[in-house]
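The values are calculated or read from the model by the stated rules, or taken from the named source; none is laboratory data. What you are looking at is a predicted structure, and each value in this text was computed from that prediction instead of being measured. Glycine also receives a Cβ, built like all others from the backbone with ideal geometry; neighbour counts cover every protein chain displayed. Note: areas computed on protein heavy atoms with side chains; ligands, DNA, RNA excluded. Shrake-Rupley method; radii C 1.70, N 1.55, O 1.52, S 1.80 Å.
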Amino acid sequence: MTIEYSLRDGVATIALNRPDVRNALNLEMCEALFAFTKKILSDDARLVFVRGNGPVFCGGADVKERAGKSGQWVRERRLKAFAAYEALEALPMPCIALVHGAAIGSGCEIAAACDFIVATQDAVFRTPEAQRGTVGATQRLPRILGKRLAKDLMFTGRDLGAEEARRAGLVSRITSNLEAEREEIQKVILKASPLALKLAKRSIDQGIELDPKGAREVEIAAIEEQIASGQWMGKP
């Protein structure tokens, strides 16, 4: 399977699973990523981790898959990738990327679609699309890194190391032990109210796109929803 999926104690894990080709994203993986992201909703997971099996997180799109394909095929394949990223980004519960090794092109897109990134010291992020004669990864990273750094990465295809990525705001934490960090994050998040986490995530995601007044209204609406649920400050 191109994606390994597991659910345990309310925690879902999506693992990119083509380690023999550095987890290169192909059509089957796009469809599987989208499907398992939807399954998370029906499984009522409280927390999601996204990781890569093997030596790297994701080596980018499987460009060999495109050989001999028509422009229409390439277009449809790209749209399926976008749908998978957007489904991941739209998950209502916390979704965290665990990145080790390289996250290239599509790997950057998948990681950036999560709520935050925990990376190992050897993690590198790269967007070589323009260098390869194609277009991609032009929307999320500028919003996270700023347009000038995003253009630097896109135009040159250079590596963004873990520490630089942390300083720029792409990576939230750097760890020498990804599994131990995952366990600590899981322990803390599972203690929190699922509704409060959902409303906080929604308020941040929607509010950041609005002016201060509109953002405040989003938070007020979330507070009203929480009060109406009966789940507020000491209430069950």
query: Which one of the conditions (1) open to solvent by 60 Å² or more (accessible area, probe 1.4 Å); (2) of a type outside the set (A, V, I, L, M); (3) modelled with pLDDT under 95 does R148 fail to meet, given that it meets all the rest?
result: (3)
field: Residues (open to solvent by 50 Å² or more (accessible area, probe 1.4 Å) and in contact (Cβ under 8 Å) with a residue 12 or more places away in the chain) located in the range 131-141
entry: Q131, R132, T138
- request: Could you pull out every one of the helices (runs of 4 or more DSSP H) wholly within the range 91-161 that has 1 or more residues that are more than 13 Å from the chain's Cα centre (by Cα) and closer than 19 Å to I174 by Cβ?
  value: 140-145, 147-156
- prompt: Going through the range 6-64 one residue at a time, which ones are open to solvent by 40 Å² or more (accessible area, probe 1.4 Å), in contact (Cβ under 8 Å) with a residue 24 or more places away in the chain and in a strand (DSSP E or B)?
  reply: L7, R51
- prompt: Quick one: how many residues across the range 65-84 are within 20 Å of F116 (Cα to Cα) and buried (at least 18 other Cβ atoms within 10 Å of the Cβ)?
  reply: 2
- request: Give just the number: which of (1) assigned to a helix (DSSP H, G or I); (2) at pLDDT 95 or above; (3) open to solvent by 10 Å² or more (accessible area, probe 1.4 Å) does I174 not satisfy?
  value: (1)
query: Is the range 194-216 home to any residue that is in contact (Cβ under 8 Å) with a residue 40 or more places away in the chain, among the aliphatic types (A, V, I, L, M), in a helix (DSSP H, G or I) and in contact with a Phe, Trp or Tyr (Cβ under 6 Å, 6 or more places away or on another chain)?
result: no
statement: Within the range 142-177, residues being in contact (Cβ under 8 Å) with a residue 40 or more places away in the chain, among the hydrophobic types (A, V, I, L, M, F, W, C) and farther than 21 Å from G60 by Cα number 1
query: Just one of A87, A119, A123 is small (G, A, S), surrounded by fewer than 21 Cβ atoms within 10 Å (Cβ to Cβ) and modelled with pLDDT of 95 or more; which is it?
result: A87
